[in-house]
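A.B. asks: One structure is given below, represented as structure tokens, and several questions about it will come after.
The values are calculated or read from the model by the stated rules, or taken from the named source; none is laboratory data. Keep in mind the model is a prediction, meaning the values are calculated, not measured. Backbone-built Cβ (ideal geometry, glycine too); neighbour counts: all protein chains shown. All accessible areas refer to the heavy atoms of the entire protein, side chains included, with ligands and DNA or RNA removed. Shrake-Rupley method; radii C 1.70, N 1.55, O 1.52, S 1.80 Å.
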Amino acid sequence: MTKEAAARIILFVFFAVLCILILIPFYAVTVASFKPGEDLIRYGLNLRFDFSVMNLDNFVYLFTGEHAYFTWFFNSLLLTLVQVTLTLLVSAMVAYGFAAYDFRGKNLLFLCVLLIMMVPFEILLLPLYTLTFNLGLMNSYSAIILPGVASAATIFFFRQYLSGIPREIIAAGRVDGATEYGVYLRLILPIMKPSFGAMAILNGMNSWNNFLWPFMVLSDENKYTLPIGLKTLLTPYGNNYDLLIVGSFFSILPIFALFMAFQKYFIEGMTAGAVKG
């Protein structure tokens, strides 16, 4: 056996084990969603597949019971769609400016983007909360969407991706009479499809799972996002594990659908470094 073949086998085994470790929590949640809440309280989240206690009662309760789960679900879905769309559009334009143009202070501004990436969100939490309160945006979706529209990590990724595109493409568009917006819309955006797919998945996951900031700015239960809504099911006066576990299982499906829709672009966007013919 050659060293190359041995290395491939080792990598295959490593990623197979990693895949199993990642799938175990999903399996545990899936199994638990078919069990009554009392079983979860008694035994906790486990991998035991017991047909004697498994049923569809939790799913029936999810779709027919009196609760606000689907209000929270569609709130999260709406916020995710709007936030991801705006973040991709704004961040792509900023990154295009860094990659395609030379201007005074360009390197300093890009350094600021890199520095912002290094600052934990928890440090910005208090000043951002004060700013949101002073602007009168509390208990509104604008307070959740606006702070993340220009994402430093997304700008950095797009800029690195666009750096691999020859500037001759932009020059050719200008020679053909296209405006700056025309060059961007007709030439650059089609090339950026793989990077858009990759960032759509990553930003979509972040937005869908975002808990801390929406929890701080939202006070109306009808505006709660899904993570906040699921958190309200656990109280000192009683825990609704029946809805919590099946709701958690159901909340995985949109992210899974998002990844399946963009997985081709995700892989290409993460590995591409130049224009492909």
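A.B. asks: Percent of accessible area on region 1-122 owned by carbon and sulfur, 1.4 Å probe?
C.D. replies: Here it works out to 75 percent.
A.B. asks: Now a separate question. Taking Lys223 as the anchor, which lysines have their alpha carbon closer than 30 Å to its alpha carbon, excluding any fewer than eight residues away along the same chain?
C.D. replies: Qualifying lysines at Cα under 30 Å: Lys35, Lys231.
A.B. asks: Any idea what the relative contact order of region 34-146 is, in percent, if you count C-alpha pairs under 8 Å spaced at least 6 apart?
C.D. replies: 22
A.B. asks: Oh, and also: Tally Lys/Arg at +1 and Asp/Glu at -1 over every other residue whose Cβ is under 15 Å from the Cβ of Gly173; what's the total?
C.D. replies: Combined, the nearby Lys, Arg, Asp and Glu give 0.
A.B. asks: Also, quick follow-up: Determine, from the Cβ-Cβ distance of Thr130 and Val82 and an R0 of 25 Å, the FRET efficiency 1/(1 + (r/R0)^6), rounded to the nearest 0.05.
C.D. replies: 0.55
A.B. asks: Right, something else. Whole number in Å², please: accessible area per residue of the chain, 1.4 Å probe, ligands, DNA and RNA not counted.
C.D. replies: So the chain comes to 60 Å² accessible per residue, rounded to a whole number.
A.B. asks: Please report, in whole Å, how far the alpha carbons of region 145-277 spread along each principal axis, starting with the longest.
C.D. replies: Largest to smallest, the principal-axis extents are 70, 28, 19 Å.
A.B. asks: When the chain is modelled as a GNM with alpha-carbon springs shorter than 10 Å, which of Ile20, Ile165, Ile245 fluctuates the most?
C.D. replies: Ile20
A.B. asks: Using a 10 angstrom cutoff on alpha carbons, build the Gaussian network for the chain and name the most mobile of Leu243, Leu79, Leu234.
C.D. replies: Leu234
A.B. asks: Once every DSSP H run of n ≥ 4 in the chain is given -39500 (n - 2.57) and the sum is divided by its residues, what mean residue ellipticity at 222 nm do you get, rounded to the nearest 500 deg cm²/dmol?
C.D. replies: Theoretical 222 nm ellipticity from helices: -22000 deg cm²/dmol.
A.B. asks: Here's something else I'd like to know. The chain: longest stretch without exposed trypsin sites (Lys or Arg not before Pro) (DSSP loop, at most 10 other Cβ within 10 Å), sites themselves excluded?
C.D. replies: 105-275
A.B. asks: So if each residue of separation counts as 0.36 nm, and I subtract the Cα-Cα distance between Ile145 and Ile169, what length gain in nm does that give?
C.D. replies: 5.3 nm is the gain from fully extending Ile145 to Ile169.
A.B. asks: Could you check the simple spin-label distance between Leu185 and Ile252, using points 7 Å along Cα→Cβ, in nm with one decimal?
C.D. replies: About 4.2 nm, to one decimal.
A.B. asks: Then there is this: Can you give the alpha-carbon Rg of region 193-267 over 2.2 N^0.38 Å, where N counts its residues?
C.D. replies: That works out to 1.33 for region 193-267.
A.B. asks: So, with +1 on the Cβ of K and R and -1 on the Cβ of D and E, and no other charges, what is the size of the charge dipole of region 7-150 about its Cα centre, to the nearest 20 debye?
C.D. replies: Value, rounded to 20: 500 debye.
A.B. asks: How far is it, in nm, from the label point at Tyr43 to the one at Phe26 when both lie 7 Å from their Cα along the line to the Cβ?
C.D. replies: It is 2.3 nm.
A.B. asks: What are the extents of the Cα atoms of region 25-172 along their three principal axes, listed from largest to smallest and rounded to whole Å?
C.D. replies: Largest to smallest, the principal-axis extents are 70, 41, 27 Å.
A.B. asks: log10 I(q)/I(0), Debye, Cα-only region 102-204, no solvent, q = 0.09 Å⁻¹?
C.D. replies: After summing over all Cα pairs, the log10 values are -0.35.
A.B. asks: Taking the chain as a Gaussian network, Cα atoms linked when under 10 Å apart, which of Gly44, Gly148, Gly229 shows the biggest mean-square fluctuation?
C.D. replies: Highest fluctuation of the listed residues: Gly44.
A.B. asks: Follow-up question, since we're still on this one. Can you give the Kirkwood hydrodynamic radius of region 123-165 from its Cα pairs, in Å with one decimal?
C.D. replies: For region 123-165, inverting the mean 1/r across all distinct Cα pairs yields 12.1 Å.
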